[in-house]
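Structure first, commentary second.
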Amino acid sequence: MRAARQVWSGVYNLVLGLVTVFKHLGHKAITLQYPDERMPMFERSRGVVVLLSDPETGKLNCTACMVCARICPVYAIDLERSEEPDPETKKRYPVKFEIDNTTCAFCGLCEEACNFDAIKLTGKYEFSVYDQKTLLYDRDFLQELGRDVPYEKKKKPLPKAKAAPKADPTSPKPEEPASPKPEESPEESPGEDKPEA
Amino acid sequence: MTPEELTSKIKATFAEKVEELPAVTGIPAFKVKPEHLEEVCTTLVSDPELNFDNLPCLGGIDYPETNEIGVVYCLFSFAKRHHLNLRVIMPRDNPEVISVSKFWVAADWFERETAELFGIKFKDHPDPRPLLLIEEWDEGYPMRRDWEGKDFIRMPETGQEK
Amino acid sequence: MFELEGIFSAVGDFLASFLGAPLLQIVSIIAVAGVVIGFLMVLALFLVWWERKLSADFQVRIGPMRTGPHGVLQTIADALKLLQKEDIVPLTADKKVFFWAPVICFVTCFLAYICMPFGKGLIVRDLNIGILYIVAITTFTVISLLMAGWASNNKYSLLGGMRSAAQIISYEVPLSLSLLGAVMLAQSLSMVTIVQGQGGSFLHWYIWRQPLGFLLYVTAATAEVNRTPFDIPEAEQELVAGYNIEYSGMKFAMFFLAEFINMFTVCAIAATLFLGGWNPPFEFLSFIPSWVWFLGKSLFLVFILMWFRWTYPRLRVDQLMAFAWKFLLPLAFLNIIVTGFLIYLFE
Amino acid sequence: MMVDSPDRPEPLTGDRNLETEEFVVNMGPQHPSTHGVCRLILTMDGEVIKKVVPDIGFLHRSIEKIAENRTYHQFMIYTDRIDYVSSMNANHAWCVAVEKLAGIEVPERAEYLRVIMAELNRIASHLVFLASFAIDLGAVTPFLYAFRERERIVDLFEMTCGQRLTYNYMRIGGVSKDVPKDFVSETKKFCSYLYPRVDEYEAILTENPIFLGRTKGIGLLDLPTAINYSVSGPPLRGSGLKWDIRKDEPYSAYEKFDFDIPTGENGDTWDRYKVRIEEMRQSARIVEQALEGLPEGGIKAKVPARFRPPQGEAFARIEAPRGEMAYFIVSDGSTKPYRVKIRTASFCNLQALPVMARGWKIADIVAIFGSLDIILPEVDR
């Protein structure tokens, strides 16, 4: 009797599995045909890092205060401050701003630390290249990437109050990710001791 | 047992063999001399009131300033639901302590890891091969505070500078 | 209307009109072999594609889409890629055996089609021991798998080869025995006679008189062609790829295609012996050519085998053996005894 | 087949006994079922395993050393990488430990959000377990089904914190961002969607006779051995101990929720599988309760950017999906920890593999290894 019940349960569950799998036939696929279809990125997606500029003046928001470079856990940001403030905005600006995307962990700590809406992680992706050296993004390239990125002013008032950019500027089309000019690998920048897995 | 009861119980049981340390977030902590460790552990496991049947964590700790090196044992009892923190402090030059893997098998890998990373020798260890590092590792003991390796860059004190 | 029999005999007559008898013999042999092998190659490529699409559909994916409409040309592209691949022979391999294993595997899988009735009058040679011949020839696969496993000189391959030898030989026994029921009903070993015995409506198919035999056959056949849940010789999670772990390029493709042709072979046998072969299920449907029925029934069984594969986990090697000897074999014997008894009773 | 190979052994002659020979199989470091880079040195007698020696360390990144070189805030992103399948839980453990060390009060809303995220991540992690376990046993289709559901959880995470794998969501003293507007409704929708899906997996696997044959009674781990090996999490509960840190030593807001601790009876592979399946349902229950009672308020306590915890030590452990995850932190009062010891569940669970696998077949070690749900970066750290 027990054996019969066992056989019955076995057969029943074998058939149940077949039926469960069969029910999925003809369902709409959950996968995407990637290069043709793309997943919409969320607003908060943390992809490649960009530098934001003021939509009115077109200058970088960054004042080179070094907060991002200090908080970065992998020391991917190499930043140099200008000696003199910019004559128009009366602010200091970065003369050098390099992000090493080979070490960047896309953690978003720099964006959180920044008080000037200068740096942001965007939903942009697809930055594969053949040469590792081209992953060292310089200031101008990062600025270009950030041209079309909408952002909201943080609640903290800026030290030097300016007209807040209300609407998202429908600024130029996204540039093709032209690879920035290959530069020397950052020897002077404090690298990290162990590579990420 | 509550931490207070446990503290007094341990003090009563081991007397001068243990030395009380400040509690680790509510967990009683004691310092044991390396030569007493085996005896203390035997009692901790076999005493029906203490009954420490589980070793959740074991790790080394290095104090180059005082030239000492230690092993921290986090003990737990599933039967009695209490924690204990033991530690053994040894001179840094030739640290040697008895292996506790005969009391808790879980200590086996923990000790192998600690041995290769801190350079602490565990006597009577059943399988003293290196665990995480490659077998031909010869660059010293990387988890010691003053270790200098080929590719190791000590980070600047970014958090403190202004 | 679309019966291929007429076309083939017309071509035969046309050739006979200007070729002498001995030459005709040779030409017709080559032509028939070419047609059968060509058909099977196309079929194998189709089956690979179908399996990929079907598994994708079961798994709410899309499957190959890029090459041709819905990826139909994908397997052809894969085959071309495999043809171009470097042929790697491990240094420590037993070179001769390593070379011959895929060849034997590939060749033997075609031999079974000599007496496979594709349609009415559409059979290469109607041997009077047809089914016996097929069962015998399909067992050759085990030799090639064992050779592959041994010659690769790899521990995983060897385990895979040993497993496949043990498995195929064990399952050969219940497989043959489960076929005997149908043979007893038809009173013949010839494939054509067996099919003709199931003429008329679908109620004359042997599956109704041999339900147990059919189930046993499908189970044993799944094991015979190393399909999940009986695919332990190439169990990916244990043996990485089993006997063909060291094979690459065209040799691997030969194993791969042979596997799919073998799968079709066992399904075609089941369709012939239990599902009436090329007989239509109803008399009024006989305007549809017989080979369509044969193909349709075989492919339906192939679908079931694929369905199994994408549903079930895999058995363990000792459970597999126990299942063959302790479960299938007694049932197969029981089936024969009951069949014999019933035949005696009703005739 | 004579091949002139010099190292071929002499053929056996009549006066020698036919001896069987044990042989060693290297399973890994690259092997389909080692779930990462782990090498198991198997000594086998035919198909039967005589001895298993796990060889680990291929993914050793010395995260404990890195911790001594990073500030408390910075180290958060490394906790993601300890256990990338459930990095919310790894974040959580670090936060709990540091907050214990510094005595930081966390706002209630943040605690609730942490619980929601940790439990969603637990479901996601168990789905990955289910997927890989099914594929270990040869059933390929449940893999895709489980990842389909995981994708929805990952979408919820991306909606909240912007990443799909290394979330870096929690902060010392709270969480980094409040949840977006439609998170609550989406998560509720997901929870009600999950229950029938779990039933679906069970229909395919749980009572399937082939699955039962492969898991019932395989890889037994009795309770005293489990405790002695410091095995934790579902393997420990599968061995029959009703022990869950969320219940027994509650952290965050776990004492406020009502959930059951599923346990097994025999400590076999099937029990460990069943415990995890059941835990997915319980986690969904916790998430539903937490969403229901999600309080308003702040999401982050005031923690300075140059955070210096007081001198001292802290030991905190949480119940991660794979078991107990503990941090032992020694602080010297500076911005960087003096010493961090990370105790991960996989490290101890993997250590028990040789006991469980001895005497079983090579196919079983795959099932046993899968049922332990080892994440190799967590083992090597």
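The values are calculated or read from the model by the stated rules, or taken from the named source; none is laboratory data. Quick caveat, the model's predicted, so the values are computed rather than measured. Backbone-built Cβ (ideal geometry, glycine too); neighbour counts: all protein chains shown. When the accessible area is computed, the model is the full protein with side chains, heavy atoms only, and any ligands, DNA or RNA have been set aside. Shrake-Rupley method; radii C 1.70, N 1.55, O 1.52, S 1.80 Å.
Before moving on, here are some points about what is shown:
Residue by residue, here is whether (1) open to solvent by 60 Å² or more (accessible area, probe 1.4 Å); (2) assigned to a loop (DSSP other than H, G, I, E, B); (3) on the phi < 0 side of the Ramachandran plot; (4) modelled with pLDDT under 85 holds:
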{"position": "A:ILE30", "(1), (2), (3), (4)": "yes, yes, yes, yes"}
{"position": "A:GLU37", "(1), (2), (3), (4)": "yes, yes, yes, yes"}
{"position": "A:GLU43", "(1), (2), (3), (4)": "yes, yes, yes, yes"}
{"position": "A:PRO55", "(1), (2), (3), (4)": "no, yes, yes, yes"}
{"position": "A:CYS62", "(1), (2), (3), (4)": "no, yes, yes, yes"}
{"position": "A:VAL74", "(1), (2), (3), (4)": "no, yes, yes, yes"}
{"position": "A:ASP78", "(1), (2), (3), (4)": "no, no, yes, yes"}
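- Restricting D:LEU130, D:LEU101 to residues that are touching a residue at least 12 places away in the same chain (Cβ under 8 Å), more than 19 Å from D:ALA326 (Cβ to Cβ) and crowded, with 24+ Cβ neighbours inside 10 Å narrows the list to D:LEU130.
- All positions within segment D:30-61 that are open to solvent by 10 Å² or more (accessible area, probe 1.4 Å), in a loop (DSSP other than H, G, I, E, B) and either out of contact with any Asp or Glu (no Cβ under 8 Å at 6 or more places or on another chain) or away from chain A (no Cβ under 14 Å) (or both): D:GLN30, D:HIS31, D:PRO32, D:HIS35, D:GLY36, D:VAL37, D:GLY46, D:GLU47
- Flag for D:LYS177 being more than 8 Å from every other protein chain (Cβ to nearest Cβ) and open to solvent by 30 Å² or more (accessible area, probe 1.4 Å): no
- For C:LEU329, the requirement of being open to solvent by 20 Å² or more (accessible area, probe 1.4 Å), in contact (Cβ under 8 Å) with a residue 40 or more places away in the chain and part of a helix (DSSP H, G or I) is met.
- Residues that are modelled with pLDDT under 90, surrounded by fewer than 24 Cβ atoms within 10 Å (Cβ to Cβ) and not in a helix (DSSP H, G or I) are absent from segment D:148-162.
- Residue satisfying all of: in segment D:262-300; β-branched (Val, Ile, Thr) and open to solvent by 20 Å² or more (accessible area, probe 1.4 Å); nearest to D:ARG317 (Cα to Cα) among these: D:THR263
- Failed item, numbered, when B:ASP151 is tested on (1) more than 8 Å from chain D (Cβ to nearest Cβ); (2) surrounded by 20 or more Cβ atoms within 10 Å (Cβ to Cβ): (2)
- Just so you know, in segment C:51-82 the residues that are outside any loop (DSSP other than H, G, I, E, B) and of a type in the set (Val, Ile, Thr) include one that is surrounded by the fewest Cβ atoms within 10 Å (Cβ to Cβ), and it is C:ILE76.
- For segment A:23-49, a residue qualifies if it is away from chain D (no Cβ under 14 Å) and touching a helix residue (DSSP H, G or I) at 6+ places or on another chain (Cβ under 9 Å), and exactly one does: A:GLY26.
- Only one entry in A:LYS160, A:LYS155, A:LYS194 is more than 20 Å from the chain's Cα centre (by Cα), at pLDDT 50 or above and of a type in the set (D, E, K, R), namely A:LYS155.
Residue-wise test of (1) within 14 Å of chain D (Cβ to nearest Cβ); (2) surrounded by fewer than 18 Cβ atoms within 10 Å (Cβ to Cβ); (3) part of a helix (DSSP H, G or I).
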position	(1), (2), (3)
C:GLU172	no, no, yes
C:GLY199	no, yes, no
C:LEU203	no, yes, yes
C:TRP208	no, yes, yes
C:GLY213	no, no, yes
C:ARG227	yes, no, no
C:TYR243	no, no, yes
C:ALA253	no, no, yes
C:GLY277	no, no, no
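- Residue ID - nearest to B:LEU75 (Cα to Cα), chosen from residues in segment D:301-330 that are open to solvent by less than 10 Å² (accessible area, probe 1.4 Å) and of a type in the set (Asp, Glu): D:GLU324
- Residue satisfying all of: in segment C:22-49; without any contact (Cβ under 8 Å) to a residue 24 or more places away in the chain and among the small types (Gly, Ala, Ser); surrounded by the most Cβ atoms within 10 Å (Cβ to Cβ) among these: C:SER28
- If you go through segment C:80-113 and keep only what is within 14 Å of chain D (Cβ to nearest Cβ) and among the β-branched types (Val, Ile, Thr), you end up with C:VAL89, C:THR92, C:VAL97, C:ILE104.
- Yes/no for D:THR263 being in a loop (DSSP other than H, G, I, E, B) and of a type in the set (Val, Ile, Thr): yes
- Within segment C:215-225, the residues that satisfy the criterion of being more than 14 Å from chain D (Cβ to nearest Cβ), farther than 20 Å from C:LEU185 by Cα and part of a helix (DSSP H, G or I) are C:ALA220, C:ALA221, C:GLU224.
- In segment D:298-354, the residues that are more than 11 Å from chain B (Cβ to nearest Cβ), within 19 Å of the chain's Cα centre (by Cα) and of a type in the set (Val, Ile, Thr): D:ILE318
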